[in-house]
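The values are calculated or read from the model by the stated rules, or taken from the named source; none is laboratory data. On a predicted model such as this, the values are computed, not experimentally measured, just so you know. All Cβ positions, glycine included, derive from the backbone under ideal geometry; neighbour counts span all protein chains shown. Quick note on the areas: whole protein, heavy atoms, side chains included, nothing else; ligands and nucleic acids left out. Shrake-Rupley method; radii C 1.70, N 1.55, O 1.52, S 1.80 Å.
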Amino acid sequence: MVIARRLLPAGLEPLRERYEVREGGLEVGRKELLALVPGASALVADPTVPVDAELLDACGEQLKVVANFAVGYDNIDLAACAERGVIVTNTPEALTEATAELALALTLAAARGMGDAERDLRAGRWHGLEPGAYLGLELRGASVGVIGLGRIGGRYAEMVRLIGAEVLYTGRHPKPDAERELGARRFELGELLETSDVVSLHAPSTPDTHHLIGAAELELIGSGGVLVNTSRGPLVDAEALAVALQRGTLGAAGLDVYESEPIVPASLLAAPRCVLLPHIGSATVTARDAMARLVAENVIAVLEGAKPPNPVG
């Protein structure tokens, strides 16, 4: 079997106990990976590894499973896998808490202007208390709109509700449990954007959600509003976001994901009131070890003829 890049010991060790394992390493390129995978019965990927027909065919007909080290799987051509009888798995529940916590952290950091404040302090631009400086948004009493009230979005909603925020949400289906337990109210997207003080994205990356948030949507969020994205980069039109921040038509933003990772647009790097993190949503010891173990469990199950814990589709 082949690990395209790297798998933490919590998942690597049980695989090595059972199978011959080849690893590409963090710096593996496309050409090197194509040369590494022939004969693989299992392929461990992550969001940085495009798994398409070319890579699947390079593995060969004996390939049985592609195990993704992530909850999302937009890097995998599911149709191509299905055509070849290859099972796809992911690691959903392992990173719920870590990612929801980071979404909350970004919400607080963006809402309170922590990024700009820290940069000013480090650059020597802070000269003491100024009553009108660095004024931000308190979450208690604020309206927080959640786009995608699934596992992570739901946990994030619980967190902001405990702080005292009102929870709004939008999605294809109503969430009666959240409405009952959190007092959450369901809105259509446009109304949610216009009503919310904070908008947090927790939806998958699909053709339907590509640039879900563009110039028109950012204008609805408004000059006092905050946008947070810990889901997938393609949900947000980064150039439109940078323009809105520069012009002041959006209050602030907190991002952990980008459309062409690891590339971050220069316009975003230069934008004010924008907190940027390098895709660390699941980066806790607890979450990453649990994800690695799930990857191993999924691979072992498929190769031993059992149903994997986390099949996709």
Worksheet entry | Identity of the residue in the stretch 213-240, part of a helix (DSSP H, G or I) and touching a strand residue (DSSP E or B) at 6+ places or on another chain (Cβ under 6 Å), that ends up nearest to A142 (Cα to Cα) | I221
Practice prompt. Considering only the stretch 232-285, state which residues are among the basic types (K, R) and surrounded by 22 or more Cβ atoms within 10 Å (Cβ to Cβ).
Written response: R232
Discussion item. Being over 18 Å from D289 (Cβ atoms), aliphatic (A, V, I, L, M) and over 22 Å from the mean Cα position of the chain (by Cα) is the filter here; which residues of the stretch 1-20 pass it?
Written reply: M1, V2
Worksheet item: G25 versus (1) within 23 Å of the chain's Cα centre (by Cα); (2) surrounded by 15 or more Cβ atoms within 10 Å (Cβ to Cβ); (3) of a type outside the set (D, E): which is the lone unmet condition?
Response: (2)
Discussion item. Can you confirm whether L34 is of a type outside the set (V, I, T), assigned to a strand (DSSP E or B) and modelled with pLDDT of 95 or more?
Written reply: no
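When you look at L63, is it in contact (Cβ under 8 Å) with a residue 12 or more places away in the chain, open to solvent by less than 20 Å² (accessible area, probe 1.4 Å) and not hydroxyl-bearing (S, T, Y), yes or no?
So L63 passes the test.
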